[in-house]
Structure formats: C-alpha cells, structure tokens
Amino acid sequence: MKQPTQIIAGFGSRSCPSSASNLISRAILDYLTPNDEEGHFIEPIECDGEVGIRTGDARGADDAVAIASADLELPCYRYSPTDTHESLNWTEALRIAEELHPNWKACKPFVRKLMARSVFIILGPDCKSPADHAFVWDAGTSGTRFTLSVCKYAKVDVTQVNETRLLRDAPNTSTTPYCRIKSHSWTHPVSEWY
C-alpha cells in the first residue's frame with residue numbers, strides 16, 4: 001500500500017454520536033478540497049492513497065472518525081493502548097506523554113498508555129511524524145484536552161467540529177454543515193477553548 005503523504009488526525013469525546021461521522025467527513029472534505037471565495041468546491045477530492053487518517057480505538061469520536069474515513073475511502077490507522085506492533089515507539093510516546101501531562105505520577109499504567117495512544121494519533125507510530133491537521137469533537141474532556149496539548153506540542157493545527165455548539169458559539173461558523181467553530185493555529189492559549 002502506498003504511504004500517505006498527508007495525515008489527518010481525528011479524536012474527541014466518547015459521547016460523540018456515530019452520526020457525527022457525516023459532519024466529520026464534511027469537515028475533512030472541506031479541508032482537503034479547494035474552495036472559491038463563496039465557499040463552493042473548485043474540484044472534487046482525488047486522494048489516490050495520498051491521504052491517511054489517524055484516530056484511536058475508543059467508542060464515540062474515534063468510531064465516528066473511522067466511519068468518516070471509510071465514507072471518504074481513505075486509509076484509517078487506529079491506535080489502541082494495548083497495541084504491541086513493533087513499529088510503535090512506546091518508550092518515546094510515554095516520555096512525551098509524561099512531559100505533557102500535568103499530573104503524570106497520579107496516572108495508573110493503563111491511563112499512561114491511553115495518553116501515549118494520543119501521542120501516536122498526533123505524532124505517528126515513530127513519534128516523529130506529526131499529522132498535517134487535526135479534527136476534534138468536543139474539547140471538554142480530560143483525554144481530549146491532553147490530545148490538544150499534544151497538538152500544541154507538535155504545532156498541529158486543529159479544527160473543532162461539534163454540532164451542539166452551533167447556536168451558542170456561531171460567530172466563526174462557515175456555511176458548511178459541520179459547524180467549524182474554531183480552527184486553532186496556536187496563536188492563542190489552549191485554555192481559550194474551555
């Protein structure tokens with residue numbers, strides 16, 4: 001299989017409905033497809049195996065991202081805290097997770113592996129291949145906040161996708177149905193998201 005030249009990461013809350021896969025698909029399509037000034041697609045997406053998606057293996061947002069990947073016919077790389085594949089650099093992922101986590105000593109071993117899984121989603125199995133862009137569903141949970149800190153560490157831009165915030169936080173919403181609430185390029189602190 002051809003190695004992707006562009007990687008998109010997707011993650012978020014376990015409370016994300018699987019129906020959100022349509023919104024996530026649209027957000028990814030919008031990111032990958034050039035638009036004119038009015039927001040209309042200029043040309044259809046033609047990835048040819050050049051785009052891959054990384055996510056976790058949890059229910060909720062991870063499942064929705066995997067469904068979106070299948071809908072878009074893009075390869076999806078799912079990471080689990082119990083993965084033993086030799087290509088995964090667990091030592092480096094755990095080191096980065098320890099560096100970024102605010103209370104690492106309080107984390108039990110399985111939680112530490114969950115945090116390392118977040119590192120793989122953003123930085124890849126070698127912990128040296130950052131995603132080109134990330135999409136997050138609901139930035140309010142602790143695991144999601146941690147993954148956002150990995151994005152900040154790696155300087156990966158993030159777009160928040162969340163239909164429940166459309167009416168409350170609509171000033172930056174585009175006309176597309178996925179409700180682009182914020183696209184963050186790390187010019188403002190992550191704390192502004194909460």
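For the stretch 78-133, which residues satisfy the criterion of being of a type in the set (Gly, Ala, Ser) and closer than 26 Å to Ile67 by Cβ? Give the derivation first.
First, pick out the residues of the stretch 78-133 that are of a type in the set (Gly, Ala, Ser): 80, 87, 93, 97, 106, 116, 118, 124, 129, 131.
Matches in the stretch 78-133: Ser80, Ser87, Ala93, Ala116, Ser118, Gly124, Ser129, Ala131.
The set of residues in the stretch 81-96 that are part of a loop (DSSP other than H, G, I, E, B) and modelled with pLDDT of 90 or more comprises Leu88, Asn89.
Hey, could you check the stretch 66-80 for residues that are out of contact with any Ser or Thr (no Cβ under 9 Å at 6 or more places or on another chain) and open to solvent by less than 90 Å² (accessible area, probe 1.4 Å) and say which is modelled with the highest pLDDT? Checked the stretch 66-80; the qualifying residue modelled with the highest pLDDT is Ser80. Counting just the residues of the stretch 6-25 that are more than 13 Å from Ala68 (Cβ to Cβ) and not polar (S, T, N, Q), which one comes out nearest to the chain's Cα centre (by Cα)? Result: Ile7. Scanning the stretch 105-149 for residues that are buried (at least 24 other Cβ atoms within 10 Å of the Cβ) and small (Gly, Ala, Ser) gives Ala116, Ser118, Ala131, Ala134. In the set (1) part of a helix (DSSP H, G or I); (2) closer than 30 Å to Leu29 by Cβ, Lys105 fails one condition alone, (2). Looking only at residues in the stretch 108-156 that are β-branched (Val, Ile, Thr) and assigned to a loop (DSSP other than H, G, I, E, B), the one that is farthest from Asp63 (Cα to Cα) is Val156.
The values are calculated or read from the model by the stated rules, or taken from the named source; none is laboratory data. Treat the numbers as computed from the prediction; the structure is a model and nothing was measured. For neighbour counting, all protein chains shown are included, and Cβ atoms are generated from backbone atoms with ideal geometry for every residue, glycine included. All accessible areas refer to the heavy atoms of the entire protein, side chains included, with ligands and DNA or RNA removed. Shrake-Rupley method; radii C 1.70, N 1.55, O 1.52, S 1.80 Å.
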